[in-house]
Amino acid sequence: MKEILVLGSGVAGSSVTHFLSKKGYKVNVIEKLKGAGGLARTYYYAGHPYEFGPHVWFWPGGPENEVNAVVNELTKGELYTIDRKLFSYVECDSRDYRYPIHFEDISSMPESDTIFNELQTNRDETYQLKSDCMPIIGECTFEEYFSAAIGNTLYSKFMKDYTHKMWNIPGDELQTRMVWADRFNHTYSDSEQGGMKGYDPLKFENHTLGKGIAFQVYPKKGWNDVWDNMVKDANIIEGEVATISGLDSRPYISLKDERKFFFDEYEYVINTIDLDNLWGEDCLPYTGRMMLPLVVPRSGFVFPDGAESLHFSSAEFVTRITEMKTITRYESDDSLILIEVPILPGAEDFFPENTIQYAKENNLYCGKAYPQQSTQAIEMYDGFVKKGNSIQNLLNCGRHAEFRYWGMPETVNAALQLCKTIPAAK
């Protein structure tokens, strides 16, 4: 039987393993942690199921779509349908607004006259966005696109500080290739022609995140069954990758316990871990996250109208608070809210040791959650890709291996598309 070696069993690694096992390959997976799925596993706090972040699955096409069909199959269709509602607390106004930004909410903002004037720059008389006036998403910075779309006042109120603390990089440096182009690529017909112009962050109806997407779900039993089922037929090798060695003779993956796995013994070696770590380095910039769980003694919902999350758009230390019961439908006399705090590399040195230990043991801490895609970081990443081109059967897949801001469905889709290029085992 032909063999594949997969590095990591997060969402990408588990998905690759699932698709290639179906193609008849024996898949060997190197994983340093217990359990597949990485940051997408479901954990429990005071009985409440929670994830590292909301982890609602949304992807166009409905349950018959080939990406969505994977989740539908592995959960046996036992899924909650989610209608997402989010609010953003704006510190300077001392109130919260619906999020995404709603046009009809502007009249209640203190700077409404200024905002309406700014909106007229790239909009018609009915305030519809003029697509031809807009920069191309994927070829501009976050600030360039969104200040053109909604004006400087709305951008500053809702996005500027939020974006900076979310990814630890200013909006005038943050690339839309990361934040929006990857996530909405499947939605816009002109994306295949080199980019997107038509995305409007200003909503003119009661819009929720993912509105119009037919398949927006959460598994009734949490995510663990999905990832565990994906790797159930694989050979799991416990260990941590150290680096690639032997490029001048016979390339191999070396683990930190000095075991070696030679490339020429496998049809393919598919990497899903941080690409810089694969090469024994730690230089690509990431933003981390600390999740603070708080159980509130209240049988009903904490947020109004069954809302899922409250974003903090200004300079507060917290990025967002999520009420997990809205997503998981867990029934209890209390409610778990999960407070998301962005952290910088080395931040764990400033937290109490027992706090960090508990957070890591309970999936509440991650030093590398989101890639920081500045122009310099992308050039650095491209250098690692070029370095790996000398190994013909080395492939990269997933958020950390491809340095992309991807959620679960984007990552599963990337794995599916990659595996389609690999012929079935004979």
*May I ask you to list the residues in the stretch 344-371 that are open to solvent by 20 Å² or more (accessible area, probe 1.4 Å) and in a loop (DSSP other than H, G, I, E, B)?*
344, 345, 346, 351, 352, 362
*Only one of 220, 232 that is in contact with a Phe, Trp or Tyr (Cβ under 7 Å, 6 or more places away or on another chain), open to solvent by 30 Å² or more (accessible area, probe 1.4 Å) and modelled with pLDDT of 95 or more*: 220
*For the stretch 33-45, does any single residue satisfy the condition of being in a loop (DSSP other than H, G, I, E, B), of a type outside the set (Lys, Arg) and buried (at least 23 other Cβ atoms within 10 Å of the Cβ)?*
yes
*Answer yes if at least one residue in the stretch 76-90 is touching a Leu at 6+ places or on another chain (Cβ under 6 Å) and basic (Lys, Arg), and no otherwise.*
yes
*Cβ-Cβ below 8 Å, separation at least six or inter-chain, first residue in the stretch 238-255 and in contact (Cβ under 8 Å) with a residue 12 or more places away in the chain and open to solvent by 30 Å² or more (accessible area, probe 1.4 Å), second part of a strand (DSSP E or B) and of a type in the set (Asp, Glu): which pairs?*
238/31
*Mind checking whether some residue in the stretch 184-205 is within 28 Å of residue 50 (Cα to Cα) and at pLDDT 90 or above?*
no
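In the list 72, 117, 152, 122, which residue meets the criterion of being of a type outside the set (A, V, I, L, M), touching a Cys at 6+ places or on another chain (Cβ under 6 Å) and free of Cβ contacts under 8 Å to residues at least 40 places away in the same chain?
122
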_Failed condition for residue 287, given (1) outside any strand (DSSP E or B); (2) among the polar types (S, T, N, Q); (3) open to solvent by less than 40 Å² (accessible area, probe 1.4 Å); (4) closer than 19 Å to residue 10 by Cα_ = (1)
*asked:* I need the full set of residues from the stretch 125-151 which are modelled with pLDDT under 90, open to solvent by 20 Å² or more (accessible area, probe 1.4 Å) and more than 21 Å from residue 204 (Cα to Cα), in order please.
replied: 136, 138, 139
*How many of the residues in the stretch 129-144 are in contact (Cβ under 8 Å) with a residue 40 or more places away in the chain, assigned to a loop (DSSP other than H, G, I, E, B) and not aliphatic (A, V, I, L, M)?*
3
_Set 51, 78: member being under 26 Å from residue 332 (Cβ atoms) and touching a Pro at 6+ places or on another chain (Cβ under 9 Å)_ = 78
*Which pairs do you get when a residue that is under 25 Å from residue 74 (Cβ atoms) and of a type in the set (Ser, Thr, Tyr), found in the stretch 202-218, comes within reach of a residue that is in a loop (DSSP other than H, G, I, E, B) and open to solvent by less than 60 Å² (accessible area, probe 1.4 Å), reach meaning Cβ atoms under 7 angstrom, with the pair 6+ apart or on two chains?*
218/56; 218/82
*What pairs can you find where one residue is in the stretch 41-57 and over 17 Å from residue 86 (Cβ atoms), the other is open to solvent by less than 10 Å² (accessible area, probe 1.4 Å) and of a type in the set (Phe, Trp, Tyr), and their Cβ atoms are less than 8 Å apart, with a gap of 6+ or different chains?*
41/223; 41/227; 42/50; 42/223; 43/50; 44/50
*Hey, does the stretch 305-318 have a residue that's surrounded by 13 or more Cβ atoms within 10 Å (Cβ to Cβ) and more than 27 Å from residue 159 (Cβ to Cβ)?*
no
*Selected residue (criterion: farthest from residue 262 (Cα to Cα)) from residues of the stretch 382-393 that are touching a residue at least 24 places away in the same chain (Cβ under 8 Å) and open to solvent by 20 Å² or more (accessible area, probe 1.4 Å)*: 385
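The values are calculated or read from the model by the stated rules, or taken from the named source; none is laboratory data. Just so it is clear, the structure is predicted and the values come from calculations on it, not from any experiment. Cβ atoms come from the backbone with ideal geometry, glycine included; neighbour counts cover every protein chain shown. With ligands, DNA and RNA removed, areas are computed over all heavy atoms of the protein, side chains included. Shrake-Rupley method; radii C 1.70, N 1.55, O 1.52, S 1.80 Å.
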